[in-house]
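Below is one structure. I have some questions about it.
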Amino acid sequence: MCNLSKHRFPIVIQGGMGAGLSSWRLAQAVSRLGHLGVVSGTALDLILARRLQDGDPGGHMRRGLDHFPIPKIADRIWQEYYVPGGKAARAPYKTLPTHSMESPRELRELCIVANFVEVFLAREGHKHPVGINYLEKIQLPLLPSIYGAMLAGVGYVLMGAGIPIKVPRVLDRLANHEPATYLLQVTGAQENYDRTMVFAPKEFVGCDLSPLTRPKFIAIVASNTLAATMVKKADGKVDGLVIEGHTAGGHNAPPRGKLQLDERGEAIYGERDHVDLAKIRDLGVPFWLAGGYGRPEKLAEALASGAAGVQVGTAFAFCKESGLRDDYKQALMAKVLAGEAQVFTDPVASPTNFPFKVAQLEGTLSEQDIYAARPRICDLGYLREAYRTAAGTIDYRCSAEPVTTYLSKGGIVENTVARKCLCNALMANIGHPQVRNSKHLEQGMVTSGNDLTGIGRFLPQGADTYTAADVVRTLMHGTLFRS
Ligand SMILES: Cc1cc2nc3c(=O)[nH]c(=O)nc-3n(C[C@H](O)[C@H](O)[C@H](O)COP(=O)(O)O)c2cc1C
């Protein structure tokens with residue numbers, strides 16, 4: 001284990017990777033080594049429900065549920081979703097209600113419990129902190145999700161993909177079980193429009209619980225402007241920043257200025273996207289560098305620049321403990337070793353409008369014919385955009401849903417072109433694909449940073465897989481803080 005006790009902050013943050021890729025297993029493995037393991041907080045309600053319908057192999061979900069402070073809520077979830085021995089391979093998973101401003105109580109309970117279970121399991125067997133990652137774009141389930149993670153003692157909340165300026169205050173309030181609010185982003189909403197989401201913990205836990213530890217809050221940003229906004233204007237304390245460059249896996253911040261594409265159709269990043277680290281240092285909060293920092297020389301470079309360390313995703317995404325299904329891991333590793341791995345920064349795949357990195361892999365939605373063969377279905381809805389209807393109410397739409405439905409909700413046709421259903425694809429990536437008409441399985445689509453091409457460096461000699469410990473060992477090689 002790394003002797004980092006004199007350091008207030010971790011040197012390596014294993015980046016949150018949604019959905020379910022940075023699972024409790026991966027985060028636990030990294031935190032056990034004295035670095036910061038981070039679970040993804042994206043769609044954990046759905047993931048818990050599907051793990052239970054798969055028969056809860058190993059009994060881990062049951063163990064987590066047994067520790068939830070309000071047993072009757074945990075029991076209800078167990079009764080609702082657990083299928084002894086797992087559902088039949090061709091049986092569909094149950095459909096959950098989609099999130100909205102008026103999400104049913106059961107769905108909010110599922111969020112609380114699922115976030116609790118993931119963090120509880122990641123914290124088992126060691127005393128180091130564990131973090132949770134949320135995307136600011138996914139706002140509807142946010143408040144109950146954060147509360148569930150806090151009930152399980154999460155040490156860090158990390159958040160990007162938006163401007164999470166109001167989150168520090170949410171953490172302060174929820175630590176005392178006080179009601180917290182969050183303003184929903186609603187396209188077309190007028191200033192005075194009521195779009196405040198309220199979450200009152202006592203409506204759910206009912207009893208008097210002692211105050212919770214307020215987790216540290218780390219904002220993930222890609223520009224000096226956003227970094228300064230977060231530190232100077234946030235509603236409460238921002239404990240640190242991750243500065244993420246555009247080679248990182250997952251969603252990337254769009255380039256500044258007008259979107260321009262190169263000959264491959266990828267977004268072009270330029271001088272204006274460069275982050276001035278001197279200005280970041282001047283903000284006076286610890287920071288970590290992300291996006292191609294999964295090498296010892298890059299860690300050394302980050303430390304020399306004044307960073308507290310690095311956040312690394314891609315290297316951990318393909319290790320044994322990650323939630324990515326094995327056939328995808330093996331196929332991509334084979335491509336890497338053959339020198340054929342490719343990552344495409346797709347400017348339009350994600351309904352969020354953010355560029356999204358896609359590893360090119362046969363049999364996944366990265367292939368045009370597989371994408372074209374999939375009927376558009378939107379039944380999970382995490383990436384839906386809230387908008388104001390002509391009647392003045394709030395409704396929800398996703399640019400990857402059936403085109404006619406999207407247009408009937410006032411969406412424009414240009415937005416639908418080449419959009420992909422990330423929600424279903426990401427569930428397929430972690431081995432929980434929905435089954436359609438008893439025969440068609442949803443296909444995945446793997447995201448990865450440009451660093452994919454180099455992950456062979458983590459393989460121990462003669463091995464064809466590597467562990468989170470191999471990543472950490474390789475990274476820390478040569479630093480003062482040797483594992
Ligand atoms: C498979 C994968 C999924 C990711 N998902 C998320 C996510 O859900 N939220 C997030 O903030 N960052 C996400 N990221 C970014 C990582 O947390 C991390 O910042 C990034 O991977 C660092 O750059 P690297 O990939 O070059 O190591 C993801 C990265 C990968 C590789």
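Name the residues in region 101-110 that are open to solvent by 20 Å² or more (accessible area, probe 1.4 Å) and assigned to a helix (DSSP H, G or I), would you?
Of all residues in region 101-110, those open to solvent by 20 Å² or more (accessible area, probe 1.4 Å) come to 101-102, 104-106, 108.
Within region 101-110, R105, E106, R108 meet the criteria.
If I ask for residues that are within 15 Å of the ligand (Cβ to nearest atom) and among the β-branched types (V, I, T), which ones from region 303-355 would you list?
Residues satisfying the conditions are V310, V312, T314, V336, V343, T345, T352.
Same structure, new question: May I ask you to verify whether Y269 is within 15 Å of the ligand (Cβ to nearest atom) and at pLDDT below 95? Break it down stepwise before answering.
On the way: within 15 Å of the ligand (Cβ to nearest atom): yes; at pLDDT below 95: yes.
When the stated conditions are applied, Y269 passes them.
On to the next question. Give the number of residues within region 174-200 that are free of Cβ contacts under 8 Å to residues at least 60 places away in the same chain and among the aliphatic types (A, V, I, L, M).
Step one: filter region 174-200 for residues free of Cβ contacts under 8 Å to residues at least 60 places away in the same chain, giving 174-183, 191-192, 194, 196, 198, 200.
Within this subset, residues satisfying the condition of being among the aliphatic types (A, V, I, L, M) are 174-175, 180, 183, 198, 200.
Adding up the residues that qualify gives 6.
Being in contact (Cβ under 8 Å) with a residue 24 or more places away in the chain, surrounded by fewer than 18 Cβ atoms within 10 Å (Cβ to Cβ) and more than 16 Å from the ligand (Cβ to nearest atom) is the requirement here; does V113 meet it? Spell out the reasoning first.
On the way: in contact (Cβ under 8 Å) with a residue 24 or more places away in the chain: yes; surrounded by fewer than 18 Cβ atoms within 10 Å (Cβ to Cβ): no; more than 16 Å from the ligand (Cβ to nearest atom): yes.
So V113 does not fit the description; no.
While we're on this one: In region 273-288, what residues are more than 14 Å from the ligand (Cβ to nearest atom) and open to solvent by less than 10 Å² (accessible area, probe 1.4 Å)?
Result: I280, single match.
If you don't mind, another one. Just checking, which of Y382, Y371 is of a type in the set (S, T, Y), open to solvent by 20 Å² or more (accessible area, probe 1.4 Å) and under 30 Å from I13 (Cβ atoms)? Steps first, please.
Details: Y371 fails: under 30 Å from I13 (Cβ atoms).
Residue meeting the stated conditions: Y382.
Does N424 count as under 17 Å from L21 (Cα atoms) and either in contact (Cβ under 8 Å) with a residue 40 or more places away in the chain or not in a loop (DSSP other than H, G, I, E, B) (or both)? Step through it out loud before you land on a result.
Details: under 17 Å from L21 (Cα atoms): yes; either in contact (Cβ under 8 Å) with a residue 40 or more places away in the chain or not in a loop (DSSP other than H, G, I, E, B) (or both): yes.
Here the answer is yes, as N424 does meet what is asked.
With respect to E401, is the statement that it is open to solvent by less than 60 Å² (accessible area, probe 1.4 Å) and farther than 22 Å from E442 by Cα true? Full working, then the answer.
Details: open to solvent by less than 60 Å² (accessible area, probe 1.4 Å): yes; farther than 22 Å from E442 by Cα: no.
It is false that E401 is open to solvent by less than 60 Å² (accessible area, probe 1.4 Å) and farther than 22 Å from E442 by Cα.
Scan (1) part of a helix (DSSP H, G or I); (2) closer than 24 Å to L140 by Cα for the single condition E414 breaks and write down its number.
Unmet condition: (2).
Hey, another quick one. On the basis of being under 23 Å from I138 (Cα atoms) and either without any contact (Cβ under 8 Å) to a residue 12 or more places away in the chain or basic (K, R) (or both), does R295 make the cut? Spell out the reasoning first.
Values: under 23 Å from I138 (Cα atoms): no; either without any contact (Cβ under 8 Å) to a residue 12 or more places away in the chain or basic (K, R) (or both): yes.
So R295 fails the test.
Tally up the residues in region 55-100 that are closer than 19 Å to G153 by Cα and not in a helix (DSSP H, G or I), please. Spell out how you get there, then give the answer.
Looking only at region 55-100, we keep the residues that are closer than 19 Å to G153 by Cα, and these are 60-71, 73-74.
Still in the list and also not in a helix (DSSP H, G or I): 67-70.
Number satisfying all stated conditions: 4.
For A19, which of the numbered conditions (1) crowded, with 18+ Cβ neighbours inside 10 Å; (2) more than 16 Å from the ligand (Cβ to nearest atom) fails to hold?
Every condition holds for A19 apart from (2).
Any idea which of G270, G306, G291 is surrounded by fewer than 22 Cβ atoms within 10 Å (Cβ to Cβ) and within 30 Å of Q185 (Cα to Cα)?
Numbers: G306 fails: within 30 Å of Q185 (Cα to Cα); G291 fails: surrounded by fewer than 22 Cβ atoms within 10 Å (Cβ to Cβ).
Every option except G270 fails the conditions.
Okay, moving on. Cβ-Cβ below 8 Å, separation at least six or inter-chain, first residue in region 370-385 and touching a residue at least 24 places away in the same chain (Cβ under 8 Å), second hydroxyl-bearing (S, T, Y) and outside any loop (DSSP other than H, G, I, E, B): which pairs?
Going by the 8 Å Cβ cut-off, the qualifying pairs are C378/T405; G381/Y396; R384/Y396; E385/T187; E385/Y396.
Scan region 73-100 and report the pairs whose first residue is among the basic types (K, R) and whose second residue is open to solvent by 70 Å² or more (accessible area, probe 1.4 Å), with Cβ atoms within less than 7 Å and a gap of 6+ or a chain change.
Pairs found: R90/S438; R90/K439.
So, in region 444-454, exactly how many residues are more than 10 Å from the ligand (Cβ to nearest atom) and open to solvent by less than 60 Å² (accessible area, probe 1.4 Å)? Spell out the reasoning first.
Applying the first criterion (more than 10 Å from the ligand (Cβ to nearest atom)) to region 444-454 yields 444-445, 453.
Remaining after also requiring open to solvent by less than 60 Å² (accessible area, probe 1.4 Å): 444-445.
Number satisfying all stated conditions: 2.
Please determine, by comparing only the residues of region 243-259 that are open to solvent by 40 Å² or more (accessible area, probe 1.4 Å), over 15 Å from V221 (Cβ atoms) and touching a residue at least 60 places away in the same chain (Cβ under 8 Å), which one is nearest to the ligand (Cβ to nearest atom).
Here the answer is T247.
Yes or no: region 38-54 includes at least one residue that is surrounded by fewer than 22 Cβ atoms within 10 Å (Cβ to Cβ), within 16 Å of the ligand (Cβ to nearest atom) and not hydrophobic (A, V, I, L, M, F, W, C).
No, there is no match, as no residue in region 38-54 is surrounded by fewer than 22 Cβ atoms within 10 Å (Cβ to Cβ), within 16 Å of the ligand (Cβ to nearest atom) and not hydrophobic (A, V, I, L, M, F, W, C).
The values are calculated or read from the model by the stated rules, or taken from the named source; none is laboratory data. Keep in mind the model is a prediction, meaning the values are calculated, not measured. Neighbour counts are summed over all protein chains in view; Cβ atoms, including those assigned to glycine, are modelled from backbone coordinates with ideal geometry. Accessible surface is based on the protein model in full, side chains and every heavy atom, while ligands, DNA and RNA are left aside. Shrake-Rupley method; radii C 1.70, N 1.55, O 1.52, S 1.80 Å.
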